[in-house]
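The structure under discussion appears below in the form of structure tokens.
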Amino acid sequence: MVIITVSCSKDSVTYQDLLKLNNELTEKDEEPMTDLRIVSIYVVDPDENLEPKDALVHIKENFMTDLTNEDILVDLELKEALANHNTKRIKIVDEDRSDDRGKEVMLKTVKIKDLIIKINTLQTF
């Protein structure tokens, strides 16, 4: 992060000039994250009807990579983990949708877009 202090009269530098300068500096400072690092990935189903033990869809901890987060997500194979998770989900009662007459409605399957995916960088090198 670069902080620049500008002393000048009100008329000499506009707000747009400062924004432009900030954008130029930010673009130069931001390099894609491709350094060697240790990361952990957690994939969670945020549905409130699930017990915490059933909410974890996939976990991959403490592995070394030089990929960006975007590349990790592309390489992350969730098909089997999601299929296993959905097999459990359809056996769990959806408390919000079950009616008062005692008819139980089960949870529906989810798609990857419904999940929360967190990539935590533990250490960079």
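Among the residues of segment 63-115, those identified as closer than 16 Å to residue 42 by Cα and among the charged types (D, E, K, R) are 70, 71, 75, 77, 79, 80, 111, 113, 114. The residues in segment 38-64 that are surrounded by 15 or more Cβ atoms within 10 Å (Cβ to Cβ), of a type outside the set (Lys, Arg) and under 12 Å from residue 120 (Cα atoms) can be counted, and the count is 5. Which condition number does residue 39 fail, the rest of (1) part of a strand (DSSP E or B); (2) out of contact with any Ser or Thr (no Cβ under 6 Å at 6 or more places or on another chain); (3) in contact (Cβ under 8 Å) with a residue 40 or more places away in the chain; (4) among the hydrophobic types (A, V, I, L, M, F, W, C) being met? Residue 39 satisfies every listed condition except (2). When segment 46-77 is filtered for residues that are assigned to a loop (DSSP other than H, G, I, E, B), free of Cβ contacts under 8 Å to residues at least 60 places away in the same chain and under 14 Å from the mean Cα position of the chain (by Cα), the ones remaining, listed by number, are 68, 76. In the set (1) out of contact with any strand residue (DSSP E or B) (no Cβ under 7 Å at 6 or more places or on another chain); (2) modelled with pLDDT under 95; (3) surrounded by 14 or more Cβ atoms within 10 Å (Cβ to Cβ), residue 72 fails one condition alone, (1).
Among the residues of segment 91-103, are any assigned to a helix (DSSP H, G or I) and either modelled with pLDDT of 95 or more or not acidic (Asp, Glu) (or both)? No: zero hits.
The values are calculated or read from the model by the stated rules, or taken from the named source; none is laboratory data. The model shown is predicted, which means the values in this text are computed figures rather than measured ones. Heads up, the Cβs are rebuilt from the backbone with ideal geometry, glycines too, and the neighbour counts pull from every protein chain shown.
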